[in-house]
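Taking it in order: structure first as structure tokens, then the write-up.
The values are calculated or read from the model by the stated rules, or taken from the named source; none is laboratory data. Note that the structure is predicted; figures quoted are calculated from it, not measured. Positions of Cβ are generated from backbone atoms using ideal geometry, with glycine treated the same way; all protein chains shown enter the neighbour counts. Note: areas computed on protein heavy atoms with side chains; ligands, DNA, RNA excluded. Shrake-Rupley method; radii C 1.70, N 1.55, O 1.52, S 1.80 Å.
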Amino acid sequence: IIATPINSVWAFYLLPTRAWELFAGCLLAIIETKSPFSRRGPAWLPYIGVILIAGSLILIHEGPSFPGWLATAPVLGAIAILIQSPNPNYVTSWLSYRPIVGIGKISYSLYLWHWPVYSMIDYGYIFESDFTRNFLKITISFATACFRFIEKPTRTYLNQPRNHVRAYTALAGALVLSIPLGLSIRYHNYVTANYNDVADGGEFFSGKPGAPSVIIMGDSNGSMYGKVTKELCE
């Protein structure tokens, strides 16, 4: 809440400012398994959760006021749905269907894989229709099978106590490799105007006299087209 009006990008993307959301799920898991109050959630609570999540989807929009206090609504909605209830209800019954459970199991893998898939499809098929590109994005994202062949066996292996040192060593090694690599990719493959450039009217690349101009406006979704657009113009 303090960081959002100061720098909403930092508040949105940095782990320390979003850790409370992960902590909420951890706390709920501990309460459900350790507390004498577990399995006592009222039957109407999941419906409140659905209302909070649906309302957040409709009413909350990207902008400088998010995450801030607005982020409490979808988080509390998720908690309200996940709290165990002694009585059956339509929400938990629907979420218990095998196809829905299956999507839930692979949802984190989809989250990890969808962005590189989306980016490659947009690069490779930029002139195709939205339907074609969206079909390819969804199909390939599901077809990666990351959960079954990478995430699940890796989690099983690294969660064994004797492999904890290897797990932390692998994490440290991944950070050492990925951070410089990520910065290099961003520097060489994105055309991004910094705050000083924006204050001066933007970042300019000179072309031939009399040639048409191209203007790219937006956040990272616009920035990722900067390099290829610059090359096409040249």
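Tally up the residues in segment 105-130 that are within 22 Å of the chain's Cα centre (by Cα) and among the acidic types (Asp, Glu), please. Spell out the reasoning first.
Applying the first criterion (within 22 Å of the chain's Cα centre (by Cα)) to segment 105-130 yields 105-123, 130.
So of that shortlist, the ones also among the acidic types (Asp, Glu) come out as 122, 130.
Count: 2.
What are the residues in segment 153-172 that are aliphatic (A, V, I, L, M), more than 30 Å from PRO99 (Cβ to Cβ) and open to solvent by less than 70 Å² (accessible area, probe 1.4 Å), if any?
Just the residues of segment 153-172 that are aliphatic (A, V, I, L, M), to begin with: 158, 165, 167, 170-172.
When the remaining residues are screened for being more than 30 Å from PRO99 (Cβ to Cβ), the result is 165, 167, 170-172.
Hits for segment 153-172 are ALA167, ALA170, ALA172.
Please go through segment 113-139 and give me each residue that is touching a residue at least 40 places away in the same chain (Cβ under 8 Å) and of a type in the set (S, T, N, Q), ordered by number.
SER119 - this is the single residue of segment 113-139 that is touching a residue at least 40 places away in the same chain (Cβ under 8 Å) and of a type in the set (S, T, N, Q).
Residue by residue through segment 39-78, note down the ones that are in contact with an Asp or Glu (Cβ under 7 Å, 6 or more places away or on another chain) and under 15 Å from LEU95 (Cβ atoms).
none
Mind checking whether some residue in segment 162-173 is more than 19 Å from the chain's Cα centre (by Cα) and assigned to a loop (DSSP other than H, G, I, E, B)? Lay out the reasoning, then the answer.
So the first thing to find is which residues in segment 162-173 are more than 19 Å from the chain's Cα centre (by Cα), and the list is 162-173.
Pick out the ones that are also assigned to a loop (DSSP other than H, G, I, E, B) and you get none.
Looking through segment 162-173, none of the residues is more than 19 Å from the chain's Cα centre (by Cα) and assigned to a loop (DSSP other than H, G, I, E, B).
So if I check each of PHE205, PHE142, which one is part of a loop (DSSP other than H, G, I, E, B) and either under 28 Å from ASN221 (Cα atoms) or without any contact (Cβ under 8 Å) to a residue 40 or more places away in the chain (or both)?
Exactly one of PHE205, PHE142 is part of a loop (DSSP other than H, G, I, E, B) and either under 28 Å from ASN221 (Cα atoms) or without any contact (Cβ under 8 Å) to a residue 40 or more places away in the chain (or both), namely PHE205.
Assess whether ASN221 counts as being open to solvent by 100 Å² or more (accessible area, probe 1.4 Å), at pLDDT below 80 and not in a loop (DSSP other than H, G, I, E, B).
Working: open to solvent by 100 Å² or more (accessible area, probe 1.4 Å): no; at pLDDT below 80: yes; not in a loop (DSSP other than H, G, I, E, B): yes.
No: the conditions fail for ASN221.
Any idea how many residues of segment 182-199 are assigned to a loop (DSSP other than H, G, I, E, B) and either surrounded by 10 or more Cβ atoms within 10 Å (Cβ to Cβ) or in contact with a strand residue (DSSP E or B) (Cβ under 9 Å, 6 or more places away or on another chain) (or both)? First the steps, then the outcome.
Just the residues of segment 182-199 that are assigned to a loop (DSSP other than H, G, I, E, B), to begin with: 190-194.
Filter again for either surrounded by 10 or more Cβ atoms within 10 Å (Cβ to Cβ) or in contact with a strand residue (DSSP E or B) (Cβ under 9 Å, 6 or more places away or on another chain) (or both), leaving 190-193.
The qualifying residues number 4.
Just one of the numbered conditions (1) outside any helix (DSSP H, G or I); (2) under 21 Å from the mean Cα position of the chain (by Cα); (3) among the hydroxyl-bearing types (Ser, Thr, Tyr) is not true of SER178; which one?
The one condition SER178 does not meet is (1).
Within segment 132-152, take every residue that is of a type in the set (Lys, Arg) and either over 12 Å from TRP115 (Cα atoms) or touching a Ser or Thr at 6+ places or on another chain (Cβ under 6 Å) (or both) and give me the one that is least open to solvent (accessible area, probe 1.4 Å). Talk me through it step by step, then tell me what you get.
Step one: filter segment 132-152 for residues of a type in the set (Lys, Arg), giving 133, 137, 148, 152.
If we keep only those that are either over 12 Å from TRP115 (Cα atoms) or touching a Ser or Thr at 6+ places or on another chain (Cβ under 6 Å) (or both) as well, we get 133, 148, 152.
Working: ARG133: 40, ARG148: 174, LYS152: 110 Å².
Filtering first and then ranking leaves ARG133.
Residue by residue through segment 60-104, note down the ones that are assigned to a helix (DSSP H, G or I), in contact (Cβ under 8 Å) with a residue 24 or more places away in the chain and surrounded by 13 or more Cβ atoms within 10 Å (Cβ to Cβ).
Answer for segment 60-104, where residues must be assigned to a helix (DSSP H, G or I), in contact (Cβ under 8 Å) with a residue 24 or more places away in the chain and surrounded by 13 or more Cβ atoms within 10 Å (Cβ to Cβ): GLY68, ALA71, VAL75, LEU76, GLY77, ALA78, ILE79, ALA80, ILE81, LEU82, VAL91, THR92.
If I ask for residues that are modelled with pLDDT under 90, within 25 Å of the chain's Cα centre (by Cα) and either in a loop (DSSP other than H, G, I, E, B) or surrounded by 15 or more Cβ atoms within 10 Å (Cβ to Cβ) (or both), which ones from segment 23-45 would you list?
LEU28
Which residues, taken from segment 10-20, are part of a helix (DSSP H, G or I) and over 11 Å from GLY68 (Cα atoms)?
If we filter segment 10-20 for residues that are part of a helix (DSSP H, G or I), which is where we start, we get 10-13, 15-20.
Correct list: TRP10, TYR13, LEU15, PRO16, ALA19, TRP20.
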